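Below is one structure, written out as structure tokens; the observations come after it.
The values are calculated or read from the model by the stated rules, or taken from the named source; none is laboratory data. Everything quoted here is computed from the prediction, not taken from an experiment. Note that each Cβ is placed from the backbone with ideal geometry, even for glycine, and that neighbours are counted across all protein chains shown.
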Amino acid sequence: MLSMFSITSIILVILWAIFILYSASVLFWLFEVGVLARGQTVSSDEVVYGHEDVQVRILTIGAEDVVQATVDSIPEGVSDIRVIAERDIQIEGATVHVVPTEFECNATHKGRALEWARQNVPCTQEFILYLDEDTIVQQFTGLPDADIIQITEMPTFTGSWIAYLSETFRIGYQYEQRAFSRFKYPLYAWGGGIAIRKSLEDEITWDVKTITEDTNFVWRAVERRNVDFRVLNLKFRNQAPPTLRGMFRQRRRWFSGTQHSADILPRRYRAFLSFRMIAWALSPVIPVISLFLFLFPQYVPQSATYFLGSIAAFSILFVVTFVGVVVYINHERITLLALPLTPLLVVLNTAGALWGWISPVQTFAVTEKVALKKERIASETDLISPATLEEVNPWLEEGDLENHDGEGTLIPDGGIEDSFIWP
């Protein structure tokens, strides 16, 4: 039987290991955001390819109403819009291609549709801009001269305040994407959209098994040759998960897919990614441990040192939320509520990652989407009408989605002075 001293020693080792791991992770995030990210986003004078140089492709199972809203948000100057669907749907302003059921390749689910489109959908433009079915384009004037351009995102409220505020925390952490152009291997690729040079797509292809297609593609491209990866800070609006269940499933898929693709990376990047993935998965326990130590400090020897260090690491979580709030605040100042809710949001935002670590997923699960018309369809998505969406979202009025032109901002005024700008 273990003595009380042995049990305490084991607890101490575990707590210190978690503390060191998480502290290293947040310190690196601070270095990325405060140092590496400076001046790395695409400036307006670097946009050298116009609308005419871009073909837009939207992937969907068959969410007609959601896709129609995305197509409506694309600027008129983009004349070549393709919808890649699993069933026949009618979309005004776009050409719809249905992936044949008999088409076979190594890729599955979304990757299979991407690969079919690569092989069969003609494209004479320099770039293909891939959008999720729920993306609302904004501020889009063109692209820089790069091989892969990651466009940033800013999820919009769809009915669950907790899920929406959790997205505020995620967007704060995801600010690190602005530093990824400094790395040979960007740490992940997901956001509001991704533009890929057509010649590069044909060289790399989508024909591999993965559930995080964008990240996997970028890593394989970098493995093959030198790739110019840039971040375009347009904050395309996509839907926050309308339920916590949907958010947990989404995070679990992201974690599992990234972990599954890690073998592509060279050893030093793979080790670094593993360290970050473990820190990500353990993030939900940080607020719990901090609270436990605050209430019961007698259970941990050298508690003063550990307690002060854990409080410092815990405080960084509020910094992450603050960054997310600043990204949003010109548009939706209610995100200020995320600051006092940070401990809860951290647990909820990263619980799916912990789930993915314990029980990895191998199949693609579509996050619930909010439809933009009255019709409901039987698919993996839960759809509500545009009237409902514009009613539940306090910054939207009737007709805002239909009238949005893709060059302005969907929600331009959050009640803050225009001079308050975050880069």
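Before moving on, here are some points about what is shown:
Each row is one residue, and each column tells you yes or no for (1) in a helix (DSSP H, G or I); (2) touching a Lys or Arg at 6+ places or on another chain (Cβ under 8 Å).
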| position | (1), (2) |
| --- | --- |
| TYR185 | no, no |
| SER199 | yes, no |
| VAL208 | no, yes |
| PHE217 | yes, no |
| ARG220 | yes, no |
| LEU234 | no, no |
| ASP263 | yes, yes |
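- Residue list for region 30-55, filter: more than 15 Å from GLN177 (Cβ to Cβ) and assigned to a loop (DSSP other than H, G, I, E, B): SER43, GLY50
- Here region 339-365 is the region considered, the condition is being touching a Lys or Arg at 6+ places or on another chain (Cβ under 9 Å) and of a type in the set (Val, Ile, Thr), and the residue that is modelled with the highest pLDDT is THR350.
- For VAL35, the conditions (1) within 30 Å of SER315 (Cα to Cα); (2) surrounded by 12 or more Cβ atoms within 10 Å (Cβ to Cβ) all hold with the exception of (2).
- Selection count, region 94-137, where residues are within 21 Å of GLY192 (Cα to Cα), in a loop (DSSP other than H, G, I, E, B) and modelled with pLDDT of 95 or more: 4
- Failed item in (1) free of Cβ contacts under 8 Å to residues at least 40 places away in the same chain; (2) under 26 Å from GLU46 (Cβ atoms); (3) in contact with a Gly (Cβ under 6 Å, 6 or more places away or on another chain), with VAL71 passing the rest: (2)
- When residues in region 146-163 are screened for being crowded, with 22+ Cβ neighbours inside 10 Å, of a type outside the set (A, V, I, L, M) and modelled with pLDDT under 95, 4 of them pass.
- HIS97 being surrounded by fewer than 21 Cβ atoms within 10 Å (Cβ to Cβ) and at positive phi: no
- Within region 211-235, being out of contact with any Pro (no Cβ under 9 Å at 6 or more places or on another chain) and among the hydroxyl-bearing types (Ser, Thr, Tyr) holds for one residue alone: THR212.
- Among residues of region 243-263 that are within 12 Å of ALA163 (Cα to Cα), those with a Cβ under 6 angstrom from a residue that is of a type in the set (Val, Ile, Thr), sequence gap 6+ or separate chain, pair up as GLY246/THR367; GLN250/THR367.
- Any hit, region 385-392, residues being in contact with an Asp or Glu (Cβ under 8 Å, 6 or more places away or on another chain), surrounded by fewer than 21 Cβ atoms within 10 Å (Cβ to Cβ), in a helix (DSSP H, G or I) and at pLDDT below 90: yes
- Scanning region 211-233 turns up one or more residues that are touching a His at 6+ places or on another chain (Cβ under 8 Å) and crowded, with 22+ Cβ neighbours inside 10 Å.
- Every pair of residues 6+ apart whose Cβ atoms lie under 6 Å, when the first sits in region 129-141 and is within 7 Å of GLY406 (Cα to Cα) while the second is part of a loop (DSSP other than H, G, I, E, B) and among the β-branched types (Val, Ile, Thr): VAL137/ILE74; GLN138/THR409
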